[in-house]
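Undergrad: Structure provided below as structure tokens; questions to follow.
The values are calculated or read from the model by the stated rules, or taken from the named source; none is laboratory data. Please read all numbers here as calculations on a predicted model, not as lab measurements. Cβ atoms come from the backbone with ideal geometry, glycine included; neighbour counts cover every protein chain shown. Remember, those area values only see protein heavy atoms, side chains included, never the ligands or the DNA or RNA. Shrake-Rupley method; radii C 1.70, N 1.55, O 1.52, S 1.80 Å.
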Amino acid sequence: MWSRGHPIGWEKSVHKVIIIGSGCAGLTAAIYAARADLKPLVLDGYEPGGQLALTTMVENFPGFTDGILGPDFIERTRKQAQRFGTEFRSGAVTSVDLSQRPFQVTAGKETYDSEALIVAAGASARMLGIESEKLLLGYGVSTCATCDGYFFRDREILVIGGGDTAMEEATFLTKFAKRVTIVHRRNEFRATRIMLDRARTNEKIRFLTPYIVEEVHNVGNKAVDSVLLRNLDTHQTTKVEAEGVFVAIGHDPNTKVFRGKLAMDESGYIITHDGPKTSVEGVFAAGDAQDHRYRQAITAAGSGCMAAMEAERFLEAEGK
């Protein structure tokens, strides 16, 4: 006979808390949970290290006077979590059972049981899907104006997108850039009127429509120097000089495995209340999986801290 996937009489260790995701939110949660002697297990997820692992220089996280490379920041934080007893396992979560406790989490061929769960799976920036974009990510191609805008002072920048995110990113980048060109595949924009009007009245912003990006140059030099665009009406290609390309076509939260199991908004972001609490008692969410507004390392870290503290309180109340 089997009980919840295991033979009766077969004992399996139950973790006090499992953290899904190893970005800034997940690692901060791990540090707090480990220091509370919860012996957390962190499952790395699809993108170990999260968005910071794909970022070059981080200059807006307090405490690093001269900035720090994103991968170095993640590695330091990971070691800090390990120092206090955090256990790490690689692999992406493929299914969860939140119908009863202990919760059951499956990643790859392994299944884990836990009394509390922290979802810090993050969100992935939507990309254009061209090879040169991928090869130049972090070398002039970016998905975060707030993170990287400072490095593009007095330069020509392209922002790809037609929604509020694109308008907001473009407007922000005018603080640094010589000129910002918004490239959109349609003549109409999805952006709200107020955001679009704000961009249109900015002297530093121009618009190119209806164009798509064919290729970003120069992969050989590991630096952006121009972009090849194609007009969707005429099919003619145009080379535009630029030293930076910001892809602003939205983010997708990495929460598909929780659909129908946790309350979410229409975009798939986990809905939280009273801080990091979700619709299921004992399950907490932190970072970009529940935050589509700020999406910063410092806010992710803060929410990771809150999730771990609430998980500790929950387990104490349960006598665990």
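Undergrad: Just the residues that are open to solvent by 80 Å² or more (accessible area, probe 1.4 Å) and within 26 Å of the chain's Cα centre (by Cα), please, taken from the stretch 183-204.
TA: Arg185, Arg190
Undergrad: Would you pick out the residues in the stretch 36-83 that are of a type in the set (A, V, I, L, M), open to solvent by 20 Å² or more (accessible area, probe 1.4 Å) and without any contact (Cβ under 8 Å) to a residue 24 or more places away in the chain?
TA: Applying the first criterion (of a type in the set (A, V, I, L, M)) to the stretch 36-83 yields 36, 38, 41-43, 52-54, 57-58, 68-69, 74, 81.
When the remaining residues are screened for being open to solvent by 20 Å² or more (accessible area, probe 1.4 Å), the result is 36, 52-54, 57, 69.
Selection gives Leu69 alone.
Undergrad: Pick out the one residue from Glu310, Glu281 that is touching a Gly at 6+ places or on another chain (Cβ under 9 Å) and either closer than 23 Å to Gln104 by Cα or surrounded by fewer than 16 Cβ atoms within 10 Å (Cβ to Cβ) (or both). If you could, list the steps in order and put the result at the bottom.
TA: On the way: Glu281 fails: touching a Gly at 6+ places or on another chain (Cβ under 9 Å).
Just a single option satisfies the conditions, and that option is Glu310.
Undergrad: Within the stretch 290-308, count every residue that is aliphatic (A, V, I, L, M) and in a loop (DSSP other than H, G, I, E, B).
TA: Residues of the stretch 290-308 that are aliphatic (A, V, I, L, M), as a first pass: 297-298, 300-301, 306-308.
Okay, now just the ones that are also in a loop (DSSP other than H, G, I, E, B), so none.
Number satisfying all stated conditions: 0.
Undergrad: Among the numbered criteria (1) without any contact (Cβ under 8 Å) to a residue 60 or more places away in the chain; (2) under 18 Å from Ala166 (Cβ atoms); (3) among the small types (Gly, Ala, Ser), which one does Gly250 miss?
TA: Only one criterion is unmet by Gly250, namely (1).
Undergrad: Turning to a different aspect of this structure: Among strands (runs of 3 or more DSSP E) lying entirely in the stretch 205-268, which contain 2 or more residues that are open to solvent by less than 50 Å² (accessible area, probe 1.4 Å)? Steps first, please.
TA: Working: elements: 205-208, 211-217, 226-231, 237-241, 244-247, 251-253.
Per the criteria, 205-208, 211-217, 226-231, 244-247, 251-253.
Undergrad: A follow-up question, please. Which one of the conditions (1) open to solvent by less than 30 Å² (accessible area, probe 1.4 Å); (2) in a loop (DSSP other than H, G, I, E, B); (3) touching a residue at least 40 places away in the same chain (Cβ under 8 Å) does Leu128 fail to meet, given that it meets all the rest?
TA: (1)
Undergrad: Can I ask one more? On the given criteria, is Lys320 farther than 22 Å from Phe73 by Cα and in contact with a strand residue (DSSP E or B) (Cβ under 6 Å, 6 or more places away or on another chain)? Before the answer, list the steps.
TA: Numbers: farther than 22 Å from Phe73 by Cα: yes; in contact with a strand residue (DSSP E or B) (Cβ under 6 Å, 6 or more places away or on another chain): yes.
When the stated conditions are applied, Lys320 passes them.
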